[in-house]
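Just passing along the structure, written as structure tokens.
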Amino acid sequence: MLDKDKKLYIAGHKGMVGSAIMRKFEGEGFSNFIVRDFNELDLRNQKEVEGFFSKEKPDYVIVAAAKVGGILANNTYRAEFLYDNLMIESNLIHASYQNNVEKLLFLGSSCIYPKLAPQPLKEDSLLSGYLEYTNEPYAIAKIAGIKLCESYSKQYGSNFYSVMPTNLYGPFDNYDLNSSHVLPALIRKFHEAALRQAQGDKEVSVEVWGSGKPKREFLYVEDLADAVYFLMNKINAKDLYDNGITHINIGSGEDVTIKEVAEIIKRIVGYVGEIVFDASKPDGTPRKLMDVSLLNQLGWKYSTKLEEGIKKAYEWYVENVRK
């Protein structure tokens, strides 16, 4: 079990994932947090990161900081997604080793798996085939993070390991249509279309990239935070690596088509117009369903059903982003 009086550094504490994790740990009685905003600490800068760790000496580290985005952002800013994420994770993991951090948990992404890996995606499918091209740089960076944790643990005995969440959504998500993931992008599109309808626009429609056929798994971010808390308390790196496990999948174990997600959001938002699927746009990976049997065996399962989570996410969006 973690010591609630020890120092916990959450990298990326203002993002959707980091803020959810921080709320979870606060709710469990943790208060000795170390946090820095981007303008206070550039995680891509090795000297800054090393100085921060040397001064603050965190006991526990959760790496939730990353440059993230959807298909458009991943494919457009390929160099930035690779460089920024490599630098962030390398600096944090190495500084944690140098400063004797007791436990580090690195958050990756389900995009690490090969494009055509057997479904559902098992942990041992890592590096078994080629990656989906549009998010290849981000995936390569995240794979490097997994291998950094594994290598530091095996060479130095560091208690560092990785978890791979599925597609996440919830409070503090990114709703910028140029850089967001599919679910928040659809929430914004349907909300704005419903507003135009209410203003008398009878020609309104909602465009969705791709055919609508790809299947995706989604997990409410508060559930992810709960899983992180569970694993940080229960699992040590040696438990995994001694059994040939490099990381743990985190997800619901259930998936839906993009078309089905669009229909759910349409219903929740109250939009009554047409949905247009633009098949000229990329679909991305045909299917990404996580095998979460290992996590379930360890004793954790998700609790927020998709429609319930989307309702919560939409309420947050209306309250905080679009009045």
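Write down the percent of antiparallel bridges among all DSSP beta bridges whose residues are both part of the range 203-323, to the nearest 5.
20 percent
Nearest 20 debye, what's the magnitude of the dipole of the chain about its Cα centre given +1 on Lys and Arg Cβ and -1 on Asp and Glu Cβ?
100 debye
For the range 99-185, what class follows from the C-alpha gyration tensor (a ≥ b ≥ c being the square roots of its eigenvalues): rounded when a/c is under 1.5, otherwise prolate if a/b is larger than b/c, else oblate?
Because a/c hits 1.5 or more and a/b fails to exceed b/c, the range 99-185 counts as oblate.
Which one, Asp173, Asp37, Asp291, has the greatest fluctuation when you compute a Gaussian network model over the chain with C-alpha springs under 10 angstrom?
Asp37
Considering the chain as a Gaussian network with a 10 Å cut-off on Cα pairs, which listed residue, Lys301, Lys57, Lys47, attains the greatest mean-square fluctuation?
Largest GNM mean-square fluctuation: Lys47.
To continue, here is another question. Quote the relative contact order of the chain in percent (integer), defining contacts as alpha-carbon pairs under 8 Å separated by 6+ residues.
20 percent
With the contact rule set at Cα under 8 Å and sequence spacing of 6 or more, what percent relative contact order holds for the range 212-297?
53 percent
In addition: When ranked by the protection proxy of mean other Cβ atoms within 10 Å per residue, highest first, what sequence do the peptides 307-314, 181-188 form?
Ranked from most to least packed, the peptides come out as 181-188, 307-314.
Let me ask something else about it. Compute the length gained on full extension between Leu177 and Gln199: take 0.36 nm times their separation in residues and subtract their Cα-Cα distance, giving the result in nm to one decimal.
That works out to 5.7 nm of additional length.
May I pose another question? Within a Cβ distance under 13 Å of Leu116, other residues only, what is the Lys/Arg minus Asp/Glu net charge?
After counting each charged neighbour, the total is +2.
With +1 on each Lys and Arg Cβ and -1 on each Asp and Glu Cβ, and nothing else charged, work out how big the dipole of the range 1-91 is about its Cα centre, in Debye to the nearest 20.
It comes to approximately 100 debye.
A follow-up question, please. From Cα pairs below 8 angstrom and at least 6 apart in sequence, can you work out the relative contact order of the range 100-177, rounded to a whole percent?
Once divided by the residue count of the range 100-177, the mean separation gives 42 percent.
Report the Cα centroid-to-centroid distance between the range 3-44 and the range 211-278 in angstrom, as an integer.
Taking the Cα centre of the range 211-278 as reference, the centre of the range 3-44 is 22 Å away.
Considering the chain, what Rg and Dmax in Å follow from its alpha-carbon atoms?
19.7, 65
Classify the range 134-285 as rounded, prolate or oblate, taking a ≥ b ≥ c as the square roots of the eigenvalues of its Cα gyration tensor: rounded when a/c is under 1.5, otherwise prolate if a/b is larger than b/c and oblate if not.
prolate
Could you check what % of the DSSP bridge pairs in the chain are antiparallel, to the nearest 5?
Here the antiparallel bridges make up roughly 5 percent for the chain.
Something else now. Going down the table (Lys215/Lys311; Lys47/Lys67; Lys14/Lys281), which pairs top 28 Å between alpha carbons?
Result: Lys14/Lys281 exceed 28 Å.
Express in whole angstrom the spacing between the alpha-carbon centres of the range 288-321 and the range 85-118.
22 Å
Let me ask you something else. What is the local net charge at Asn233, summed over the other residues whose Cβ is closer than 12 Å to its Cβ (Lys, Arg +1; Asp, Glu -1)?
Value of the local net charge: +1.
Still on this structure: What FRET efficiency comes out for the pair Tyr133/Glu28, r = Cβ-Cβ distance, R0 = 35 Å, nearest 0.05?
0.30
What full-extension length gain, to one decimal in nm, is calculated for Asp3 and Asn243 as 0.36 nm per residue of separation minus the Cα-Cα distance?
Full extension of this stretch gives 83.8 nm more.
Another one. Let a ≥ b ≥ c be the square roots of the eigenvalues of the Cα gyration tensor of the range 19-96; is it rounded (a/c under 1.5), or, if not, prolate (a/b larger than b/c) or oblate?
The shape class here is oblate.
Additional query: Which whole-Hz couplings ³J(HN,Hα) result when phi for each residue of the range 256-264 is put into the Karplus expression 6.51 cos²θ - 1.76 cosθ + 1.60, θ = phi - 60°, listed in order with x for Gly and Pro?
The phi angles translate into 9, 6, 4, 4, 5, 4, 4, 5, 4 Hz.
Quick check on the chain: helices-only [θ] at 222 nm, where DSSP H runs of length 4 and up contribute -39,500 (n - 2.57) each and the sum goes over total residues. Nearest 500, please.
The per-residue figure over the chain is -13500 deg cm²/dmol.
Same structure again: Grab the Cα-Cα distance for Ser293 and Glu207, subtract it from 0.36 nm times how many residues apart they are, and report the gain in nm with one decimal.
Residue separation times 0.36 nm, minus the Cα-Cα distance, leaves 27.4 nm.
Also, I was wondering about something else. Starting from the amide H of Leu168, placed 1.01 Å from N in the peptide plane, find each other amide H under 5 Å away whose residue is 5 or more places distant or on another chain.
Leu219
Readers should treat all values here as calculations from the given coordinates under stated rules, not as data from a laboratory. Note that the structure is a prediction, hence the values are computed from the model and not measured. Every residue, glycine as well, gets a Cβ built from its backbone with ideal geometry; the counts of neighbours run over all protein chains shown.
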